[in-house]
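We did not get these values from a lab; they are worked out from the coordinates using the rules stated. Owing to the predicted nature of the structure, the values given are computational and were not obtained by experimental measurement. Methodologically, a virtual Cβ is constructed for each residue, glycine included, from the backbone with ideal geometry; neighbour enumeration extends over all protein chains shown.
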Amino acid sequence: MSLIQGETGDWEVIIGLEIHAQIISRSKLFSGASTAFGSAPNSQVSLVDAAMPGMLPVLNRECVAQAVRTGLGLKAHINLVSVFERKNYFYPDLPQGYQISQYQTPVVGEGVITIDLPDGSSRDIGIERLHMEQDAGKSLHDQDPNKTFVDLNRSGVALMEIVSKPDMRSAEEAGAYIRKLRSILRYLGTCDGNMDEGSMRCDVNLSVRRPGEELGTRTETKNVNSVRFVQQAIDYEARRQVELLESGGRVILETRLFDARKGESRSMRSKEEAHDYRYFPDPDLLPLEIEQAWVDELGANLPELPDEKKARFIKDYGLTPYDASVLVAEQANAAFFETVLGDGGKRDPKLVSNWVTVNFFGALNASGLDLGDAPVSAEQLGGLIDLIADGTISGRIAKEVFEEMWATGKDAATIVEEKGLKQITDTGEIEAIVDKVIAENPDQAEQFRSGDNPKVIGWFVGQVMKASQGKANPGMVNQLLKDKLGG
Amino acid sequence: MTSELTRLTLAEARDALAKGDFSARELTEAHVSAMEAARDLNSFIVETPEKALEGADEADKRRAKGEARTLEGLPLAIKDLFCTRDVQTTAGSRILEGFAPPYESTVTQKLWDDGALMLGKTNLDEFAMGSSNMTSYYGGVENPWKREGDNHKLVPGGSSGGSATAVAGRLALGATGTDTGGSIRQPAAFTGITGMKPTYGRCSRWGIVAFASSLDQAGPMARSVRDCALLLRSMCGHDPKDSTSVDMPVPDFEAALTGDVRGLRVGIPKEYRVDGMSEEIDSLWQQGIDWLKAAGAEVHDISLPHTQYALPTYYIIAPAEASSNLARYDGVRYGQRGEGYDNLEQMYEATRGTGFGDEVKRRLLIGTYVLSAGYYDAYYNKARQVRSLIAQDFTKAYEAVDVILTPTAPSAAFAMGDKMDDPVAMYLNDVFTVPASLAGLPGVSLPAGLSSDGLPLGLQLLGRPFDEETVLRSAGVLEEAAAFTAEPASLS
């Protein structure tokens, strides 16, 4: 259990997250307007989205399929009957004066997400529900000193609100939860998980208590839009509540707004000022009824999800849980790994895992490129690993070759050929170099022979490798040095 | 000649056009003249004579080419709740003054696709909230009828009062109305015409300004049962743009008018004998029973036990939905925006405070209240439960009978200005029409007689869901028996 230390003792932090994930669909939840990001303001607005008089919503079946797929991906209960309700409030970027949302009967009920923690351990976080709802438009306050403009492109875009149970106990777990959820959504292709563009947004519910005691009063921090900010907001709010309670104060049920620049939150409204949303079933829409057969069909066509893939990587390839979870976090990365591994896993999984996670992803990160734009393909990386495996080059030379591949896009074999980097495995050739190095360094040879400094053999290996420009087979060098110096 | 053309029924005009007795141009000119001559009645908010005449010429050309459609060249009045492309659509409210939608409602589009012409947009209670047409921002509508020896102006009923007056006053061959709790049937009764509310889901609601979404339904208003059947056939049909519209074949309603009700089982609900109902309404009802019996129908007493809860239930559900439906009129995107504001809240107040009239505000407040936290279960949720009990009453009744006969309204038309200070008395106008609205059932009102002071009185027939044909067939028989030929004062 992770606790935080107060002046008067330990406190436990209780965290639940509400995540709004924009559904990937060509058109909006109840209209045919496009959902593409970044278009000119008000260029993707249908009569329904603008709430013109007499306009009616018609449910987009694809959005329902996406929500159901997500529910299945969260191992959740799918409700065959769900109801759209109206959440009523006034705001200029909410043209209807109500948001169509699911309230009492969401399309998806309880489920679970297994989060992976940095120490390689896993923990289950409960999902309370998932429901579909419309997004609002955007109020633009920065276009004119005296006026507010409204952009309705986002108005009516389909969102999934995914509500966790209050099962998280630290900022670290919350971060792992968001990352895992994002990974699952991306695997499913139901949300792109892009927090920068606002296609995934997070509200944090948090309370603190003495370990073992009743739950405390919670606050909700809104508008926290990156994993880092969520963790900052949690640390800030947990600290604030503990300080408040320890100084004899009391936490009030309120909504707080996170300020990413300051890393702080401020009170937005208390429970007394909270809206009365006057939810009621939307009379323009019949209850949503879906068939079990359709759910089954969607389920049968789900891709392999990260948890299953991770388990398979551990079982079939003998990877460590940590390496496996790094590889499966992104579907494309896992696919890249398996491509490098080759048909039927013909290459050594550990070697491949190491090269993919350390060298390849390292280079990718350093260059700021996406996987699709990498100058070295999976096949080319496989070619390099083959050269290591069959002894053509050593691991050290391989790193050099890889750098050259990254810079030029050439195949490993070509580079090895052009630069003459092929490993020397001819005993005579290596023996000649060894003899030469020993002859040139009689003092060091004496240190070894007298037993004063047995470690000096390592220095000799380095010298021989240097003299061979790294091409000598290290194992053979070692053996020959021992033979010659010891003899 | 001119006035003769406006006295034809829609079906007669259709047949005469087909025979070439006159042109669509002549027919339309006659109606345009009548419309212009009757401006005192305030039946229309907007007149579109050029559009109608242009369409008439087009219709004559099509007919000449042998391409006439079912309603080719027949001029109609359209309730100003239907959005009409590039023609001002106000819903009787100031808040939509000047609003010309860039789209056409499904129902009106279907009428135009069948060749009908639009004379103009008719007046109505603001957002269809009212039973007198007195709540319109554009002024009350006058009923073409007057009491004998009394010059008081009377209301045409509401909310489709402008359409009712246009049809009764021979300004249009037929009209569209909408009925949420009786807004077609009650004004039809008050003005001596025939009006039909089809089953909820028959007509698309797309492009009709919403009042209460679970109740609103478009329907025809005309001077005969046959005319209503004709119009209804064009107006209804499945619309993928309205999730509550029903995908069922549209019958040839006119063909249902066989005149034969032998063996038909007619239910007479005892709960509709309400306190304070006038003697003459009661005897008209009895007259209706006798006519149907004489035509060979069987009459059965039935019970609809939850009838007394219908009105309060309606006045919770309809305002609740309205309070949400009317939230979009915020002055941000279209319609009127108030003046003299310094912040957002003030802009809403200025816009909605001046844009809505008193009756609309009253219902928005009621609706907001019944949906509020702490009151939702006691009011809105309870009302929903009672609503399903009312629907069950009808379902049970229809195990024993095929149609139900009732009066349409508890009184004849009243004077303009009456009941304005007593909303509850005003709401009682809908006591006979509201239960079927809550149950989504089809109903027709037709003129069956006159009150002692010479005003038309209506009888209502209600049917099973999607059984408009039986309703129309029985209405046809009653119509023939009643032989209602009285004409409003405005024609003499």
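Peptide B:325-331 shows a mean partner chain C-beta count of 6 within 10 Å per residue C-beta.
Given R0 = 45 Å, the distance between the Cβ atoms of residue B:381 and residue A:408 translates into a calculated FRET efficiency of 0.05.
For a label point 7 Å from the Cα of residue B:255 along Cα→C-beta, name the residues of region B:439-467 whose backbone N is under 20 Å from it. The answer is B:466-467. Ranked by how many other Cβ atoms sit within 10 Å of their own Cβ, fewest first, the residues A:317, B:329 fall in the order A:317, B:329. Using only Cα atoms, find the angle between the long axis of helix A:331-341 and the longest principal axis of chain A, and express it within 0 to 90 degrees, rounded to the nearest 10. The angle comes out near 20 degrees.
The overall shape of region B:2-263, judged from the alpha-carbon gyration tensor, is rounded, with an a/c ratio under 1.5. Spin-label model, residue B:152 to residue A:172: label points 7 Å out along the Cα-to-beta-carbon direction sit 8.5 nm apart. Screening chain B for whole DSSP H helices of 18 Å or more along their axis (Cα) with average Kyte-Doolittle hydropathy at least 0.0 returns B:310-325, B:358-371, B:468-482. Geometric descriptor of the protein assembly as shown, per residue, is 236 Å³ (volume of the convex hull of the Cα atoms). Counting Cβ atoms of other protein chains within 10 Å of each Cβ in A:92-100 and taking the mean gives 4.
Rounded to the nearest 20 debye, the dipole magnitude of region A:262-408 is 780 debye, with +1 charges on Lys and Arg beta carbons, -1 on Asp and Glu beta carbons, and the Cα centre as origin.
Spatial offset of region B:102-160 relative to region A:327-402 amounts to 77 Å, using the alpha carbon center of each.
The calculated FRET efficiency for the pair residue A:289 and residue A:348, based on their C-beta separation and a Förster distance of 51 Å, comes to about 0.45.
My understanding is that a pair violates if its Cα-Cα distance is over 28 Å; which of A:271/B:241; A:87/A:138; B:361/B:419; B:51/B:110; A:350/A:471; A:138/A:222 do that in this structure? The pairs that break the limit, which is 28 Å between Cα atoms, are A:271/B:241. Each Lys or Arg adds one and each Asp or Glu takes one away; over the other residues whose Cβ falls under 14 Å from the Cβ of residue B:285, this sums to -3. With Cβ to Cβ distances under 10 Å as the rule, what net charge do the other residues near residue A:7 carry (K, R +1; D, E -1)? That sum, taken over residues with Cβ under 10 Å, equals -2.
Suppose the chain between residue A:3 and residue A:210 were pulled fully straight at 0.36 nm per residue; how much longer would it get relative to their current alpha carbon spacing?
73.6 nm
Computed extension gain for residue A:261 through residue A:144, at 0.36 nm per residue and net of the alpha carbon distance, reaches 39.8 nm.
Placing +1 on each Lys and Arg Cβ and -1 on each Asp and Glu Cβ, with no other charges, gives region A:3-298 a dipole about its Cα centre of roughly 380 debye. In plain terms, the bigger the Kirkwood radius, the slower the diffusion; for region A:1-102, with that radius from Cα pairs, at 25 °C and 0.890 mPa s, Stokes-Einstein puts D at 143 µm²/s. Taking the centroid of alpha carbons for each part, region A:430-456 and region A:31-55 are 80 Å apart.
Overall shape: oblate for region B:389-492, with the ratio a/c of the largest to smallest alpha carbon gyration tensor axis at 1.5 or above and b/c at least equal to a/b. Take A:39-50, B:407-418, A:365-376 and order them by the average number of nearby Cβ atoms within 10 Å per residue, most first; the result is B:407-418, A:39-50, A:365-376. Label separation (residue B:273 vs residue B:3): 4.4 nm, computed from points 7 Å beyond Cα along the C-beta direction.
Give, in whole angstrom and from largest to smallest, the semi-axes √(5λ) of the equivalent ellipsoid of region A:304-419, with λ running over the eigenvalues of the Cα gyration tensor.
Values: eigenvalues 117, 51, 24 Å².
Three semi-axes, in Å: 24, 16, 11.
Distance from the Cα centre of region A:160-214 to that of region B:44-90, in angstrom? Region A:160-214 and region B:44-90 have Cα centres spaced 58 Å from each other. Classified by the C-alpha gyration tensor, chain B has a rounded form. Its axis ratio a/c, with a ≥ b ≥ c, is below 1.5.
Each Lys or Arg adds one and each Asp or Glu subtracts one; over the other residues with Cβ under 10 Å from the Cβ of residue A:80, this totals -2.
Highest mean first, the peptides A:224-230, B:190-196, A:62-68 sorted by other C-beta atoms within 10 Å per residue fall in the order B:190-196, A:62-68, A:224-230. In degrees from 0 to 90, rounded to the nearest 10, what is the angle of the helix A:427-440 Cα long axis to the longest principal axis of chain A? For helix A:427-440, the angle is close to 80 degrees. Extending 7 Å from Cα along the Cβ direction at residue A:26 and again at residue A:422 yields two label points whose distance is 5.6 nm.
Relative to the Cα centre, the charge distribution of region B:143-233, modelled as +1 at Lys and Arg Cβ and -1 at Asp and Glu Cβ, gives a dipole magnitude of about 160 debye. Shielding by partners for peptide A:273-281, expressed as the average number of C-beta atoms from other protein chains within 10 Å of each residue's C-beta, is 5. Helix-only arithmetic for chain B: the sum of -39500 (n - 2.57) across DSSP H runs with n ≥ 4, divided by the residue total, places the mean residue ellipticity at 222 nm at -11500 deg cm²/dmol.
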